[in-house]
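Heads up: the structure comes next, in structure tokens.
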Amino acid sequence: RKPVLDFMRILLMDSLLNVPASSNTHLMILLLEFCPDDATLEQKKRYQSELVEHIMNIVLMLGNEDDTHLSSRDRESQRPEGQISTLMENVVLFCRTLLLKLYNGSFMGDSKVLIEFLADQIMMTLEKGRTQKE
């Protein structure tokens, strides 16, 4: 189980940083929608809840990287869309999907944790936006 989670973490980190947000084809969305056909409703909810928590941890880890390889590489990039903007777009996509899953009842986690995660993401976006303008 741990090697699979580690592999998924690597894939998710790479896709959050490098794959533009798309509601249909993004790896994160595909993983959140996948579940074996013979799984019970309870198993599907548990799988999706574990995956959501895993993605939230990855987003928090990537968002808290200040003056590391992510931000320094983004500054060197001459493209209008660097890794930070791609990450922010993907976080918005994830938050939108997370809210839908919460609304549909397909997430078994603590709703307080989700609300705190969303609030943290809003604050982080505001702070990063303010520092980029300066």
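The values are calculated or read from the model by the stated rules, or taken from the named source; none is laboratory data. Keep in mind the model is a prediction, meaning the values are calculated, not measured. Here Cβ is always computed from backbone atoms with ideal geometry, including for glycine, and neighbour counts include all displayed protein chains. Ligands, DNA and RNA are stripped out before the accessible areas are found, and what is left, the full protein with its side chains, is counted by its heavy atoms. Shrake-Rupley method; radii C 1.70, N 1.55, O 1.52, S 1.80 Å.
Figures for the structure shown
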item	result
Odd one out for ARG75, checked against (1) modelled with pLDDT of 85 or more; (2) part of a helix (DSSP H, G or I)	(1)
The range 101-110: number of residues that are under 12 Å from VAL52 (Cα atoms) and assigned to a helix (DSSP H, G or I)	2
Residue that is surrounded by the fewest Cβ atoms within 10 Å (Cβ to Cβ), among those in the range 107-134 that are among the acidic types (Asp, Glu) and either in contact with a Lys or Arg (Cβ under 7 Å, 6 or more places away or on another chain) or at pLDDT 80 or above (or both)	GLU116
Members of the range 85-106 found to be of a type in the set (A, V, I, L, M, F, W, C), touching a residue at least 24 places away in the same chain (Cβ under 8 Å), over 14 Å from LEU31 (Cβ atoms) and buried (at least 16 other Cβ atoms within 10 Å of the Cβ), listed by number	LEU87, MET88, VAL91, CYS95
Total residues in the range 1-50, condition of a type in the set (Ser, Thr, Tyr) and either open to solvent by 90 Å² or more (accessible area, probe 1.4 Å) or not in a loop (DSSP other than H, G, I, E, B) (or both)	4
